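The values are calculated or read from the model by the stated rules, or taken from the named source; none is laboratory data. These figures come from a predicted structure and were not determined experimentally. With ideal geometry, Cβ positions are generated from the backbone for all residues, glycine too; neighbour counts draw on all protein chains shown.
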Amino acid sequence: MSLRNVAAKAADHLLPLPMRAALHRRRFFGAREWRNLHWGVFDSFEAANAFAQQHGAPPRFDMDQRRWLSDRQKLLAHDYPMLFWLERLFTSDEGRQFTRLCDLGGSVGVSYMALGPYLSLPPQLQWEVCELPEVADFGRQVARERELGPQLGFSSDLDAALDGADVLFTAGAIQYIDRPLEQMLGSAGRAPRHVFINRLPLTGGSSFVTLQNSGLAIHPYRIRNDAQFVDALSGIGWGVVDRWTCLQNSTHIPLHPERTLDHFHGFYLRRD
């Protein structure tokens, strides 16, 4: 941190609370580029959405997909546990028979492009990205431009994508979905046996919802209690095989230092 930033942070703490709140709120709603900015602690998506609307920012989810594609071509430390377990799975007797992987919130296929070259993907496997309709359309365009072949597909029907998939893969996405993961899996007709999760914010305190500014849009996302998240999945049959720490991710919510997360989490869960 530069001396200027240190001085600014120290001066910020000297301000009266109402002035600090107004300053941070103005910074949050005024940002037009990614700065990992967050605001507020809410009980629900509805409450967070209502607050954003009151401040002239109708909540929506949007991000620079081409920039994200460029950034995700470099593997990070938290990608390697995923690679390790996926490779072991795909080269097992069970994994060689897999026909479909559901990549929930996979943007334009960034994980397929980043991890795929290092994995022994079964030739019949369809890597299906489940995304918002406009993102899925853009993903198909990118796949054509890069001549990625028929193994990468896109859809926008989550229930259909989960039903019959062998693997659920999701990296940095489920916190933006109001529907809890255990409900998604529990309602699937033939839910994936293997679940891989990366870049998931969890807290040792109570669950809550906050707002995030992506630079292009403001949207709510949920930070769940760690034990409750694991117990909810265990209760419907998915046990933890392994978990790891994602040190490149963090969340700081102004005026709520007790809610700060200095890292996120990754999981491999399996239903026996």
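Worth pointing out:
- Flag for Gly186 being at negative phi, touching a residue at least 12 places away in the same chain (Cβ under 8 Å) and not in a loop (DSSP other than H, G, I, E, B): yes
- Checking each residue in segment 87-106 for being in a loop (DSSP other than H, G, I, E, B), under 16 Å from Gln151 (Cα atoms), out of contact with any Ser or Thr (no Cβ under 9 Å at 6 or more places or on another chain) and not hydrophobic (A, V, I, L, M, F, W, C) picks out only Thr99.
- For segment 174-181, the criterion of a residue being polar (S, T, N, Q) and assigned to a loop (DSSP other than H, G, I, E, B) is satisfied by no position.
- Residue match in segment 244-251 (condition: closer than 20 Å to Asn49 by Cβ and in contact with a helix residue (DSSP H, G or I) (Cβ under 9 Å, 6 or more places away or on another chain)): yes
- Enumeration of residues in segment 26-49 that are surrounded by 13 or more Cβ atoms within 10 Å (Cβ to Cβ) and either aliphatic (A, V, I, L, M) or at pLDDT below 90 (or both): Ala31, Trp34, Leu37, Val41, Ala47, Ala48
- Of the set (1) modelled with pLDDT of 95 or more; (2) in contact with a strand residue (DSSP E or B) (Cβ under 8 Å, 6 or more places away or on another chain), all apply to Glu87 but (2).
- Those residues of segment 129-148 which are touching a residue at least 24 places away in the same chain (Cβ under 8 Å) and aliphatic (A, V, I, L, M), in sequence order: Val129, Leu132, Val135, Val142, Ala143, Leu148
- Failed criterion for Ser187 (all others in (1) surrounded by fewer than 20 Cβ atoms within 10 Å (Cβ to Cβ); (2) more than 14 Å from the chain's Cα centre (by Cα); (3) closer than 17 Å to Phe42 by Cβ hold): (3)
- Every residue from segment 208-242 that is of a type in the set (Gly, Ala, Ser) and under 22 Å from Tyr268 (Cβ atoms): Ala227, Ala232, Ser234, Gly235, Gly237, Gly239
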